[in-house]
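K.L.:
Dropping a structure here in structure tokens format, bear with me for questions.
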């Protein structure tokens, strides 16, 4: 049931919300210009230049990801050939996938000339994208090429799959093909994505078995392929991972002594309470609650209200959306369990960021399943449009820490200068030592910190320094602290 003519207040609230949410996304998109490498790029691209196809095979064994690994290796080849970091073009490509996934259903509604449904779709998409980037700790997913190539396609695939499901597109052949593409990209981009695809496929299989027992009929055989084929790919990815990488001992993740002494079950419970509910236990034993749960609830019900303004959908849509939500939430729990078994810690920032995105989508899916359909079929409150706008804006504002963002923009020029200077000094011909400038720690843009001073390959430098020197084919390196050069240099 569609509202024939939105009130002026509804239209004004909708436009303001779209502008606000789009502005949040654009503000964080601006940091692509100062994206940076970590140790992985220096090490992997240096090996790629020295060892060629042998390094390609080693990488594919280490990370058997059919989508993200070839993309990462192609990026490394281009860097080595052109002798330029190419960070901005590469991140732009990955961000383009993310934005396209978020705006695809809006574009579909625009093509169908359904203005009100398009407005609701745009609000849902922008709210999710803005909540993804404004929640903090996003460097490894959005601005670090080695992490972004793995995680950003995984997040984009989950986002588009959710939007397709909530819009009832799984009932069409084209929609199922797009959903299949989403699942294939998720399974081929990261181990987390592969695990999610298997969980989702298990739910689909369970649903078919239950439907058959209740004699509700079953889908045509060919329709099973849209989730079965990605499940096969996900299985191969995880089998390849188990055959090589899981047999190797990796460096343990650094963690606080109090956390390191916790049993695995307790550690997992704390991690889920922190990530899903925003509940943390302080070292003194007191419980601290942040605004994460409130934000998730506000966003979920705001999205459910927006969803209720779409065209009348099949009664299967809330059930399909709940299935996807359950798969994402269970997959989040399973990734924590897998991390505990491998590292005896909850690793890493990029995994936490992906889980946070999954949890936000999961809560939105559950809200649609619980209240969205009821408000669509019954007499919906006339306040639903502007109330949805209020809830979505509040959901982002509750957890949005603007101070770190503003602080990073205040030093944007100097950070850009330092990162550009490091690559220019590294790629410069000659035997001069690499002059490496550190950026201030604790900002949105990550850079591994090492003690300032002089380093040489002959003196067994720290691993990070060794990776940098070998990548640039330098023998010596002078590291200058942020305090030293930022006060003396004006970019």
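The values are calculated or read from the model by the stated rules, or taken from the named source; none is laboratory data. On a predicted model such as this, the values are computed, not experimentally measured, just so you know. Neighbour counts are summed over all protein chains in view; Cβ atoms, including those assigned to glycine, are modelled from backbone coordinates with ideal geometry.
K.L.:
So, in the range 445-471, how many residues would count as being assigned to a loop (DSSP other than H, G, I, E, B), in contact (Cβ under 8 Å) with a residue 12 or more places away in the chain and surrounded by fewer than 18 Cβ atoms within 10 Å (Cβ to Cβ)?
P.N.:
The number of residues fulfilling the criteria is 4.
K.L.:
All but one of (1) crowded, with 22+ Cβ neighbours inside 10 Å; (2) free of Cβ contacts under 8 Å to residues at least 60 places away in the same chain hold for residue 154, so report the exception by its number.
P.N.:
The failed condition is (2).
K.L.:
Say we look at the range 98-124 and pick out the residues that are closer than 18 Å to residue 10 by Cα and under 25 Å from the mean Cα position of the chain (by Cα); which of these is surrounded by the most Cβ atoms within 10 Å (Cβ to Cβ)?
P.N.:
Filtering first and then ranking leaves 124.
K.L.:
Condition test on residue 437, is it over 28 Å from the mean Cα position of the chain (by Cα), over 19 Å from residue 121 (Cα atoms) and touching a residue at least 40 places away in the same chain (Cβ under 8 Å)?
P.N.:
It is true that residue 437 is over 28 Å from the mean Cα position of the chain (by Cα), over 19 Å from residue 121 (Cα atoms) and touching a residue at least 40 places away in the same chain (Cβ under 8 Å).
K.L.:
Mind listing whichever residues of the range 135-144 are under 21 Å from residue 187 (Cβ atoms) and surrounded by fewer than 24 Cβ atoms within 10 Å (Cβ to Cβ)?
P.N.:
Applying the first criterion (under 21 Å from residue 187 (Cβ atoms)) to the range 135-144 yields 140-141.
Matches in the range 135-144: 140 only.
K.L.:
Go through the range 78-93 residue by residue and tally those that are surrounded by fewer than 21 Cβ atoms within 10 Å (Cβ to Cβ), in contact with a helix residue (DSSP H, G or I) (Cβ under 7 Å, 6 or more places away or on another chain) and free of Cβ contacts under 8 Å to residues at least 60 places away in the same chain.
P.N.:
Matching residues across the range 78-93 total 3.
K.L.:
Now for a different question. Taking the stated definitions as given, is residue 95 over 21 Å from residue 352 (Cα atoms) and part of a helix (DSSP H, G or I)? First the steps, then the outcome.
P.N.:
Numbers: over 21 Å from residue 352 (Cα atoms): no; part of a helix (DSSP H, G or I): yes.
So residue 95 fails the test.
K.L.:
Which is more than 19 Å from residue 68 (Cβ to Cβ), surrounded by fewer than 20 Cβ atoms within 10 Å (Cβ to Cβ) and modelled with pLDDT of 95 or more, of 229, 211, 202?
P.N.:
The conditions single out 202.
K.L.:
Moving on. Taking residue 410 as the residue in question, decide whether it is closer than 30 Å to residue 143 by Cβ, at pLDDT 90 or above and in contact with a strand residue (DSSP E or B) (Cβ under 7 Å, 6 or more places away or on another chain).
P.N.:
Working: closer than 30 Å to residue 143 by Cβ: yes; at pLDDT 90 or above: yes; in contact with a strand residue (DSSP E or B) (Cβ under 7 Å, 6 or more places away or on another chain): no.
When the stated conditions are applied, residue 410 does not pass them.
K.L.:
What is the one condition in (1) more than 12 Å from the chain's Cα centre (by Cα); (2) modelled with pLDDT of 95 or more that residue 191 does not satisfy?
P.N.:
Evaluating residue 191 over (1) more than 12 Å from the chain's Cα centre (by Cα); (2) modelled with pLDDT of 95 or more leaves (2) as the failure.
K.L.:
Based on what the data block shows, is residue 202 under 26 Å from residue 370 (Cα atoms) and either in the same structural domain as residue 64 (by TED's automatic domain parsing) or touching a strand residue (DSSP E or B) at 6+ places or on another chain (Cβ under 7 Å) (or both)?
P.N.:
So residue 202 passes the test.
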